[in-house]
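Notes follow once the structure below has been shown.
Rule-based calculations on the coordinates, nothing more; no lab input. Note that this is a predicted model, so its numbers are computed, not measured. Virtual Cβ from ideal backbone geometry, glycine too; neighbours counted across all protein chains shown.
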Amino acid sequence: MNTVRPRRSVLYMPGANTRALEKAQTLPADALIFDLEDAVAPDAKEAARANVVAAARSKAYGKREIAIRCNALATAWGKADVAAIATSGADAILVPKVESAADVAAVVALLDAAGAPASMAVWAMVETPRAILRAEEIAGSHPRLALFVMGTNDLVKDMRARHTPMRLPMIAALGIGMLAARAYGLTILDGVYNDIQDADGFRAACQQGLEMGFDGKTLIHPSQVVPCNEVFAPSPAELEMAGKVVAAFKAAQAEGKGVVTVDGRMIENLHVEQAERALALAAAIKELQAG
């Protein structure tokens, strides 16, 4: 079974703000994105780059996964960002405005040229209509590509749509991104929730993302981390049922039985796979929190 890595809560931290980068060391987010793009003014880009590389190299974030979002390659900072990130010790580079397999290949070539370790993953922002229409091409583009981040703010802007509680304008785009990611074994994260004062709305959006199949959600404020972790973690009831399903299936196999029922429900291989994944995720969350 593949190793499950918790990515319930993935918090953006502005690269120009050294206090925020330091505070992130104590936040219970599963992963952090040190941001050089949207959160950084043009005159602070180079200082921010130095900040995030130093932060990643510090190894002061425990077992949290660290990604750094570069500026787009077409900007004045993009290529230098990629070169710096390559040897920063970060786990991944998050690339904005990915719209094709060629975009991924260009980033990978720069990483390789700069000496990035084979373990450094590429995460892709899927945030334009063209990216959605080419989602399958992007998802299958390169072995370094590990994860999609849905950039819902940019998508809404480009679609000339509206942010609504049920996100109906976004459902098709989210679903296409999800299908492409799962077809190629990628992790996929839901987009941000903009109103940090609206706790109920945020929790509802997390629940919707969970139901759609997302592995977690990108966040813009530390106050969103705990409720996000709660929603995207398997519940005690789910874990209890998962334990029953796995135990019953193993017992049935040992007895040579082909049919398994648990609490009146017929259990098939797919249910066992889901149960095993829930148990593995819970164990991985426990290990991350212990670190």
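Between Val98 and Met125, Glu127, the built amide H atoms are under 5 Å apart, and every one of these is 5 or more places off in sequence or on another chain.
What FRET efficiency, computed as 1/(1 + (r/R0)^6) with R0 = 30 Å and r the Cβ-Cβ distance, is obtained for Leu179 and Ala102, rounded to the nearest 0.05? Mind showing how you got there, number by number?
Values: r = 22 Å, r/R0 = 0.72.
For R0 = 30 Å, the calculated efficiency reads 0.90.
Using a 7 Å offset from Cα along Cα-Cβ at Glu240, what residues in region 254-291 end up with backbone N under 14 Å from the label point? Only 263 pass the distance filter. For the pair Arg277 and Asp43, the difference between a 0.36 nm per residue extended length and the Cα-Cα distance amounts to 79.7 nm.
Counting only Cα atoms, I'd like the Rg/Rh figure for the chain, Kirkwood definition for Rh.
Details: Rg = 19.8 Å, Rh = 20.0 Å.
Across the chain, the Cα-based Rg/Rh ratio is 0.99.
Per-peptide packing, taken as the mean over residues of other Cβ atoms within 10 Å, places 89-97, 27-35 in the sequence 27-35, 89-97 from highest down.
Projecting the Cα positions of Ala204, Ala114, Ala254 onto the charge dipole of the chain (unit charges on Cβ atoms of Lys, Arg, Asp and Glu, taken about the Cα centre) puts Ala114 furthest along the positive direction. So the label point goes 7 Å from the Cα of Ile171 along Cα→C-beta, right? Which residues of region 211-240 then have their backbone N under 18 Å from it? Output list for this probe position: 211-214. Using the Karplus relation 6.51 cos²θ - 1.76 cosθ + 1.60 with θ = phi - 60°, the per-residue 3J(HN,Hα) values for region 168-175 come to 4, x, 9, 4, 4, 5, 4, x Hz, with x marking Gly and Pro. Charged side chains reduced to their Cβ positions (Lys and Arg at +1, Asp and Glu at -1) give region 236-290 a dipole of some 80 debye around its Cα centre. Using the Karplus relation 6.51 cos²θ - 1.76 cosθ + 1.60 with θ = phi - 60°, the per-residue 3J(HN,Hα) values for region 224-240 come to 8, 5, 4, x, 5, 4, 5, 5, 8, 8, x, 6, x, 5, 5, 5, 4 Hz, with x marking Gly and Pro.
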